[in-house]
Amino acid sequence: MADNTTPQHAAPPAEAAPAGRLTTSAVVFLIIAASAPLTVVAGGAPSAYGVSGMMGAPVGYLLLGIVLVFFTVGYAAMSRRITNAGAFYAYVSAGLGKRQGIAASWLALISYNAMQIGLYGLFGFSLSSILGQYGLELSWWVCALIGALVVGLMGISQIDLTAKIIAVLVLLEFVTVIGFNIVALINHPEAITAEPYSPSVFFGAGTGTLLAFGIAAFMGFESGTIYSEEAKDPSRTIPRATYIAISIIALFYSFSAWALAQGTGNSQIVERSATEGPDLMFNMLSDFGFAVAADIANVLFLTSLFAALIAFHNTVARYAMSMGREAVIPRYLGKQNAKLAPVAGSLTQSALAIALIIVFAIFGQGHELGPLFPVLTMFTWLTNAGAFGLVFLLVITSAAIIGYFHQHPADHGTWVRLIAPGIAAAGLIYVFVSILLNFDVMIGSDGVTPLVVVMPALIIASGVIGWARGEYLRRSRPAVFDNIGSGHPAPMD
């Protein structure tokens, strides 16, 4: 049941507000970096083909993109009304109530942390493997710790500098994938056809699996609103950047997944994806006589992960800043430094990442999984748990958009207020259920094990704890509770 208090929507006071620096293109790069284009094409697309046993991955990316465009209609409209680095937190507070907003904020904080920290497992493994090729032996966890320290330093730097670095990395990813697509289409072993776009190869027993794996490629698309307080013109920059990013992601991933199938041959894509997995793209380049290009792509795969780590780190830090500023979590997490970076949230996120890397390093010593331990545990478990939580948040936010515009219709029509977010909610609920039903497959578990139950339960529990925190604030700290979602620092009590 929604809270009856009326939320405030003013931006933070002038003395606390960062000077807007980010342009539309900068925000687009920050959004796309979180989705890690090269990582998706090299790892996500083969996983979708191989695990689902179906050839419909290109259709899956297009359909998911369409659903998220529907979501963005209302989401972008809200971003023009509410400028707050808390994004989901602020929107759910405004549309469904303050306690529900706090529940969403805790769910977002845990989910984004899981996504970001899980990536260190794959990053550490990849960097260790590359260094090993040149005779330098470093454990995966040492490589992961090095990555965490560099990401942490960038997290407390000026955001426009970080955006420029990410732009370069993302452009290199696109160039690499475009080059691979061209090579795959030139060297196709079978006739080039549009069969992967046929409805008959998408609809079937593996449709839910395709969508469950495909949605991970879009995670981070909503992060544009998190930079609203740092954008030059939030009411225009953020909506425009979000639409551009989703369109690029959906079309580029769909085309690249299709090109991957043409490069192996439609008859071989499922089998080769299942047996070769993330190595498929690099093996194809070598098979086509581009061994050097395969080595370069391997290095850029690592930088793709690094860019995603930075993007998700920035997201977590800004969520923590927004929540700390309003005393939803400890106030010190709302602190910024002279560069207007969310220093407390950034350092805390880095500390948490380092702690979990050490925990997985300890448990991975002598494990039967060998060198793949960080990939099959830390990366697989945490990133899929994070994706589960974020899709759930998208469903909640769709409802919040409808609730907000029901209370504040302004000059928006039924399309923005109800129809588009309603369609998005229906599509996202289907994806959410698909993830839940296929969670054992996604984390590499053999059937319904305790891990399959516990991990989603922990994500949901974080939201329940957040709601309880909201109820505590409502009863014991009403001044703080009334300020929730405003973007203003909470009053001292």
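The values are calculated or read from the model by the stated rules, or taken from the named source; none is laboratory data. It should be emphasised that the depicted structure is a prediction, and the values quoted were computed from it without experimental measurement. Neighbour counts run over all protein chains shown; Cβ positions are idealised from the backbone, glycine included. Surface areas here come from the heavy atoms of the whole protein model, side chains and all, with no ligands, DNA or RNA. Shrake-Rupley method; radii C 1.70, N 1.55, O 1.52, S 1.80 Å.
Only residues that are open to solvent by less than 10 Å² (accessible area, probe 1.4 Å), part of a helix (DSSP H, G or I), in contact with a His (Cβ under 9 Å, 6 or more places away or on another chain) and more than 16 Å from THR162 (Cβ to Cβ) were counted across segment 302-352, and they come to 0. Name the residues in segment 370-406 that are over 19 Å from the mean Cα position of the chain (by Cα), open to solvent by less than 10 Å² (accessible area, probe 1.4 Å) and over 30 Å from SER139 (Cα atoms), would you? Scanning segment 370-406 gives ALA400, ILE401, TYR404, PHE405.
If the condition is being within 20 Å of the chain's Cα centre (by Cα) and open to solvent by less than 50 Å² (accessible area, probe 1.4 Å), then segment 422-439 contributes ALA424, ALA425, GLY427, LEU428, VAL431, PHE432, SER434, ILE435, ASN438, PHE439. Per the listing ILE156, ILE66, the residue uniquely within 24 Å of ILE429 (Cβ to Cβ) and surrounded by fewer than 23 Cβ atoms within 10 Å (Cβ to Cβ) is ILE66.
Of the numbered conditions (1) among the aliphatic types (A, V, I, L, M); (2) more than 30 Å from SER350 (Cβ to Cβ); (3) in contact with a Gly (Cβ under 8 Å, 6 or more places away or on another chain); (4) free of Cβ contacts under 8 Å to residues at least 24 places away in the same chain, LEU333 fails exactly one; give the number of that condition. Of (1) among the aliphatic types (A, V, I, L, M); (2) more than 30 Å from SER350 (Cβ to Cβ); (3) in contact with a Gly (Cβ under 8 Å, 6 or more places away or on another chain); (4) free of Cβ contacts under 8 Å to residues at least 24 places away in the same chain, only one is false for LEU333: (2).
A search for C-beta distances below 8 Å between a residue of segment 392-408 that is farther than 25 Å from ILE459 by Cα and any residue that is outside any helix (DSSP H, G or I), counting only pairs 6+ apart in sequence or on different chains, returns PHE405/HIS412. Against the list (1) buried (at least 24 other Cβ atoms within 10 Å of the Cβ); (2) under 22 Å from the mean Cα position of the chain (by Cα), the condition SER273 fails is (2).
Among the conditions (1) surrounded by fewer than 20 Cβ atoms within 10 Å (Cβ to Cβ); (2) within 18 Å of the chain's Cα centre (by Cα), ALA355 misses just one, which is (2). Screening LEU161 against (1) buried (at least 21 other Cβ atoms within 10 Å of the Cβ); (2) under 22 Å from the mean Cα position of the chain (by Cα) leaves a single unmet condition, (1).
For ALA144, the conditions (1) touching a residue at least 12 places away in the same chain (Cβ under 8 Å); (2) in a helix (DSSP H, G or I); (3) under 26 Å from ALA351 (Cβ atoms); (4) open to solvent by 20 Å² or more (accessible area, probe 1.4 Å) are fulfilled apart from (4).
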